[in-house]
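What follows is a set of notes on a single structure, which appears directly below.
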Amino acid sequence: MTHHRDIGAGPPDEYVEAEIQRLLVEDPAVAEQGITVVRRERALVLYGEVESPHRREEILRLVSERFPDVPVTSDIGVIRAQAPTEIEQLP
Amino acid sequence: MVIRIAAVGDVHLDEDVVGRFRPALEELPECADVLLLAGDLTRHGTEAEARCVAEEFGGLAVPVVTVLGNHDHQCDQVPQVVKVLEDAGITVLEGNGVVLDCAGGRLGIAGVKGFGGGFAGRCASDFGEPEMKAFVRTTTDSADRLGAALRSLDCDMLVALTHYSPVPDTLAGEPLEIYPFLGSYQLGQAIDSAPTALAVHGHAHAGTERGTTPGGVRVRNVAHPVIKQAYSVFHVGDQLDTDQVSPIGQSGSQRSWS
């Protein structure tokens, strides 16, 4: 992964977005391919779903460690794992 | 003849997830003849994570059949992962098939992980740099093995199990730009080369549940983030009757989706 030099206000948002996406896939502590990074006016928002609350915390910890100056908010859910209540019939 | 198929993919197990699926899995004998796992059982494909899968999905009262996913290849420990799963009684398919005797008939399941490449008219070609040719040939080889496995099975009902998607339909919701990394039309072509009744895949976490191949075979994306439940259940057969649909578990519904 390319690391940016600190020039002025830092790297353009689009590169930050790309770096976060790759970080979340390639860092062994996370390895999540299903997280979407969306740029909003005031912050980067992370969307997606993971298998445990622990993984959600790891994602936020990793991103805030790597980009301490970037405001990040999270809307990551934990996927439900209950038994189904309906079936699908396929004639 | 009705065969009851439960399926889920992309469960990405590690120690922090063990136990989450088990209560729902214990209900399986009441509602399914078999459980299919559509790959990405682990986070990184380590032997330790495979043991978590074995603990969660092993020792069930129904047969469990799986393919591996791209995550299960990450740490290059595929032989160890497969051994741990097989030791737990889980059948791992890759270019081959299995026939199970179910109450409703003989269910044949052929499986491969599959690979990317994209879909008709917008796909990668076997041309140019060695890396590009290797990419496309990996998919071609996988699809060829899936087709051969499907055509080789002697059974009453045929199901194709992959990790990557055989159709673009079930990718709806994913960015169009990454479709070539999510599946290939060649897998669909393989599925259509045999009298397949149902194709099940995972991999596309932001995709949608339902699609069909150009040949009319029903395709279901059962990635856990898509189905948002421990598994989906499909009753496949030619004598379905809504009165035959039994409740699932304590909170089951007697109504089908379609």
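The values are calculated or read from the model by the stated rules, or taken from the named source; none is laboratory data. Quick caveat: nothing in here was measured; it's all calculated off a predicted structure. Because the Cβ atoms are built from the backbone with ideal geometry, glycine has one as well, and the counts that use them run over all protein chains shown.
For this structure, a couple of remarks:
- Residue check, B:VAL17 assigned to a loop (DSSP other than H, G, I, E, B) and among the hydrophobic types (A, V, I, L, M, F, W, C): yes
- Matching entry among A:LEU62, A:LEU90 (being closer than 30 Å to B:VAL2 by Cα, touching a Leu at 6+ places or on another chain (Cβ under 7 Å) and at pLDDT below 95): A:LEU90
- Count of region A:16-53 residues, restricted to those that are touching a Ser or Thr at 6+ places or on another chain (Cβ under 6 Å), closer than 27 Å to B:VAL17 by Cα and surrounded by fewer than 17 Cβ atoms within 10 Å (Cβ to Cβ), is 2.
- Count of region B:169-211 residues which are closer than 20 Å to B:SER232 by Cβ and over 15 Å from the mean Cα position of the chain (by Cα): 5
- Cross-chain or 6+ apart pairs with Cβ under 9 Å, region B:103-119 first and among the acidic types (Asp, Glu), then crowded, with 24+ Cβ neighbours inside 10 Å: none
- Candidate set from region A:65-87 (those that are facing chain B (nearest Cβ under 8 Å) and touching a strand residue (DSSP E or B) at 6+ places or on another chain (Cβ under 8 Å)); member that is nearest to B:VAL2 (Cα to Cα): A:ILE87
- Which numbered condition A:ARG56 fails, given (1) within 11 Å of chain B (Cβ to nearest Cβ); (2) basic (Lys, Arg); (3) surrounded by fewer than 18 Cβ atoms within 10 Å (Cβ to Cβ): (3)
- Within region B:210-232, tally of residues that are assigned to a loop (DSSP other than H, G, I, E, B), closer than 16 Å to B:VAL11 by Cα and out of contact with any Leu (no Cβ under 7 Å at 6 or more places or on another chain): 3
- Residue in region B:56-67 that is of a type outside the set (Phe, Trp, Tyr) and more than 19 Å from the chain's Cα centre (by Cα) present: yes
- Of all the criteria given as (1) buried (at least 17 other Cβ atoms within 10 Å of the Cβ); (2) within 14 Å of chain A (Cβ to nearest Cβ), the one not satisfied by B:LEU100 is (2).
- Selection of region A:53-69 for residues being more than 14 Å from A:ALA31 (Cα to Cα) and of a type in the set (Asp, Glu) yields A:GLU65, A:ASP69.
- When region B:203-221 is filtered for residues that are at the interface with chain A (Cβ under 10 Å from one of its Cβ atoms) and either over 17 Å from A:PRO91 (Cβ atoms) or touching a residue at least 60 places away in the same chain (Cβ under 8 Å) (or both), the ones remaining, listed by number, are B:HIS203, B:ALA204, B:HIS205, B:ALA206, B:GLU209, B:ARG220.
- Residues in region B:1-14 that are of a type outside the set (D, E, K, R) and either buried (at least 23 other Cβ atoms within 10 Å of the Cβ) or not in a strand (DSSP E or B) (or both): B:MET1, B:ILE3, B:ILE5, B:ALA6, B:ALA7, B:VAL8, B:GLY9, B:VAL11, B:HIS12, B:LEU13.
- Unmet criterion (only one of (1) surrounded by fewer than 18 Cβ atoms within 10 Å (Cβ to Cβ); (2) touching a Cys at 6+ places or on another chain (Cβ under 8 Å); (3) among the hydrophobic types (A, V, I, L, M, F, W, C)) for B:VAL82: (2)
- Residues that are under 16 Å from the mean Cα position of the chain (by Cα) and over 27 Å from A:PRO91 (Cβ atoms) within region B:129-162 comprise B:SER142, B:ALA143, B:ARG145, listed in sequence order.
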